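Below is one structure, written out as structure tokens, with a few remarks after it.
The values are calculated or read from the model by the stated rules, or taken from the named source; none is laboratory data. Note that the structure is a prediction, hence the values are computed from the model and not measured. Glycine gets a Cβ as well: all are built from the backbone with ideal geometry, and neighbour counts include every protein chain shown.
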Amino acid sequence: MTDTAQRLAEIRGGVPPRRHNARTIAALTGNPGCTRRAVLDSAGVDKPKLAERIGFPARFGQSRFAITRGNAFEAQVKADGGVELLRLVAERLGVPVPAGASWTDLGGDEDRPERSRAALTAPGQGAALFDHPLLGLDVAGRRVHLEPDLVAARLGGRFHVVEIKSFPVIDGQADPAKVSAAAIQSAVYVLALRELLSTAGGDPELVSPEVVLVCPRDFTNQPVASLLDVRRQLLVLRRQLDRMARIDDLLAAVPAGFTADPAADPAALREALSTVAARYAPDCLAACELAYFCRHEARGQTAALGRPVREALGGVDGVDEVLALAAGERAPEPEQGEAAALLRAAARLRADALAGNPS
Amino acid sequence: MSTLRALAKAQAVAAGVAQPVATVRHLHLSDRPLVLVPLAMAGEANAPLAALVGAAPDEARLLVVPQPRNREQRLAFAAELAEAVLPHLESFRGVSEAVPVDRGRDVRYRYVDAPQLIVPNPAGITFLRLLGRSTRFRRPDGEYPVHPSVPLLGRWLTFFAERAEHPGSAALVALTEALTLHWATGQSAVEDLHLPALLGWLDPPPGTTGAEAAARAEDPQTCPPAGPATDPDFDNHRLAPAMAAYAEAEDDPVARAEAYAELERLLRGQLEPTWELMWRGLGLLRALPPGARVAGRWAGDRDAFTGYAEHVDAGGGPQPRRDGAVAAAVRLHRLERALASYAVQRAYDDPLVMAEHRLTGEAFVGDVTLADPKRVDDSGKRPVLRPRIQVVTTEPVLVPVGATLYSPARPAQKAKVVFVTPAADGKTEVVLELSGGMGRGLTAPPGSVPEVGERLCLTTLSDAYLPAGNFPAPEETPWTHGGPPAEAV
Ligand code: SF4
């Protein structure tokens, strides 16, 4: 074991690293500036367990109704060897619908990585659909296997990632939050698929950055396909994975002896976590299991109120500081001159208006 | 986010309770608002699960869909909701008033009051919009006939959802938005979408801070979410078994009735806390005096209600799935104008909102130190009354000479900036020439010209009527811009 691997194992405690999937990898891009998260995720710490242990359990439950519905829709779309799926994808891509396509289910076997690699890189141009390919990515120096519920479609010599999601597209529109979550997850697959091709000496560009999203249309079960361009998400992802690959730089900012081992004493854990810099923002609530802890820690910070609020307050960090500057009770730092003047004027106007002066 | 509002948020953190960002209420509140708390089934495309609906705290009517994946039951829900909503709408169609149009040459009629729907949050509005979309094209005849009230409900829900996009409309209101328009909490905008947490900040129980109350409200075990999404734990551990019990009891009427009662009990338990919060929130809003221009905006909602009721009476069809190109451009233009005028009206009605504009230099407050109310300008063909006043302010004056200012105290009057002179102690003297709002003669009626000693707010914001843009009629639209749109079906 290398020093780094040794160190990460210590941080994680005596457990194997938590498994990643496309969702957790996609989540890595959520708050790229946060060292705490980058370190914990690099080490593969079980963050849900950690959060629970320190008294701030995450709330990322999933309703079984949603899961059932998702599985049923996926099964329906993939039925009959993917005939319907092939038509949808081809029509959406604007290529002639092939008379037929091979359907290879890469799921369920022991030697899946090998099978997936062989199948996807085998020479051939014909229309082909590959279900459940096993893909891999390097995350913080560790090989992570992805088992996507995904179809890779080879059409006209190019590969397209096909994502089947059960949220509806109504009159051509879907919930934007769900679409952007799907886009970043698909980008993970595109990246992994490209890596697989290039490792085998193939051309990674054969994997299109245009992903086909298949969703139920309107209020029916009928599938409809849309195209999602994930070029931007690929860049973001690449950048964060590169950052995590330089794990030694990240670890340099972490005090020696730091551990997030969920078996440790909760008070000690809270103490330890606070020694690694975080960058809490309200977005964390939807993206990171530690959010309630970090929010608690960030109380009294303007960042906890959201970026627009912080900016409107002249970028001043602390709520106390804001109020002291506004009241003129505190001399501004040199770079705070403008912010302080604005805050004083705001405080005066607010008081004036609350006292009933005219509009 | 304006700095003034952001500062109020910082003050809320320090005080442990929400802080006002308005001194008057900026939306109309009906005496009998129809409160609607919907729940949707997770994973489905807007499948209703349950709702509480009613126009008074003790009039909650519970609607339940025991098997939301079942189409018939979803439509039965729509029919039942129609029974609760349509008579409520109808009850506002009694008395009309005449409104002069075309400079008094003609009159039209509008209802003296209109219905108002209140849901907990913006997601509740989306729910109604999609419910409207999924029901308004249904037919009482043909292959899958539905009760005639179902498509009618769909059209009305669509009407309300479209009104909700109109800035300043109070026809369909998300309570969280209405509340944050008037108070700033010590939490972020995302957290403010959660009605229980928001009310925790607005009205924390005695001995608790807003932050503590909000944190407690976030625990779905103690405080169910305000919908339409349900708590996944509730789904998995309580709702799913109860639904399964209902499904299994298919052939046993007694067991089925029991299972239904259990579902009702569970869903009522999820909805009732929100129901209480809805009325508490409305109570907080009601305690604020309405702004002066609220009634005018509500008249716009009454107009829209009257218009749509007449459209339905005349056998008009449901709203199209998507607007044609011209209709979309017209609508966008209308919304933009409404947004601008709504912002100005709120500032005119409320010194605390105007303060946001004072901070950015769009307005200032000063004292009138000189006034010449009799001044007549006879340099033109005809002498005209052009009083001048001098206002002294301590605020920065960013407006250039020649600019036209307005004062909310006399909105019909224009004040042209003649001189801006720095004075002692960092004050600024501004000389203004007044026109308008003083009758037709050469003598200003008393009170129409500000007097020495009056404290005055002057602003570049104008509440004057903005002319509508010109758009081609549908039949004149070139095909490149969507062509003559298809007839609405
Ligand atoms: S919740 Fe905490 S650890 Fe996670 S990303 Fe946000 S600040 Fe970083």
Being within 14 Å of chain B (Cβ to nearest Cβ) and crowded, with 16+ Cβ neighbours inside 10 Å narrows A:Arg64, A:Arg53 down to just A:Arg64
Answer from B:Arg302, B:Arg322, B:Arg268 - the residue that is in the same structural domain as B:Pro20 (by TED's automatic domain parsing) and within 19 Å of the chain's Cα centre (by Cα): B:Arg302
In a helix (DSSP H, G or I) and either among the aliphatic types (A, V, I, L, M) or under 22 Å from B:Ala247 (Cα atoms) (or both) - does that describe any residue in region B:51-71? yes
Give me the pairs: first residue in region B:130-152 and within 16 Å of A:Val169 (Cα to Cα), second residue modelled with pLDDT of 95 or more, beta-carbon distance under 6 Å, and six or more apart or on different chains, which are they? B:Leu131/B:Leu157; B:Gly132/B:Gly154; B:Gly132/B:Leu157; B:Gly132/B:Thr158; B:Gly132/B:Ala161
Counting only helices (runs of 4 or more DSSP H) wholly inside region A:232-306, the ones holding at least 2 residues that are away from the ligand (no atom under 13 Å from the Cβ), more than 14 Å from chain B (Cβ to nearest Cβ) and polar (S, T, N, Q) are none
If I ask for residues that are more than 28 Å from the chain's Cα centre (by Cα) and either within 13 Å of chain A (Cβ to nearest Cβ) or buried (at least 19 other Cβ atoms within 10 Å of the Cβ) (or both), which ones from region B:202-215 would you list? B:Thr209, B:Glu212
Inspect all residues belonging to region A:4-24 and state whether any of them is of a type in the set (Gly, Ala, Ser), surrounded by fewer than 21 Cβ atoms within 10 Å (Cβ to Cβ) and free of Cβ contacts under 8 Å to residues at least 24 places away in the same chain. no
With (1) in contact with a His (Cβ under 8 Å, 6 or more places away or on another chain); (2) within 14 Å of another protein chain (Cβ to nearest Cβ); (3) not charged (D, E, K, R) as the list, and B:Leu285 as the residue in question, which single condition is left unmet? (2)
So, A:Ser116, is that one out of contact with any Gly (no Cβ under 7 Å at 6 or more places or on another chain), away from chain B (no Cβ under 14 Å) and free of Cβ contacts under 8 Å to residues at least 60 places away in the same chain or not? no
Scanning region B:226-248 residue by residue, those within 28 Å of the chain's Cα centre (by Cα) and at the interface with chain A (Cβ under 9 Å from one of its Cβ atoms) turn out to be B:Ala229, B:Thr230, B:Asp231
Between A:Ala351, A:Ala324, which is of a type in the set (A, V, I, L, M), surrounded by 14 or more Cβ atoms within 10 Å (Cβ to Cβ) and away from the ligand (no atom under 16 Å from the Cβ)? A:Ala324
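Results for (1) basic (Lys, Arg); (2) within 22 Å of B:Thr158 (Cβ to Cβ), shown as yes or no for each residue.
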| position | (1), (2) |
| --- | --- |
| B:Met1 | no, no |
| B:Ala8 | no, no |
| B:Val21 | no, no |
| B:Ala40 | no, yes |
| B:Val64 | no, no |
| B:Pro87 | no, yes |
| B:Arg93 | yes, yes |
| B:Arg103 | yes, no |
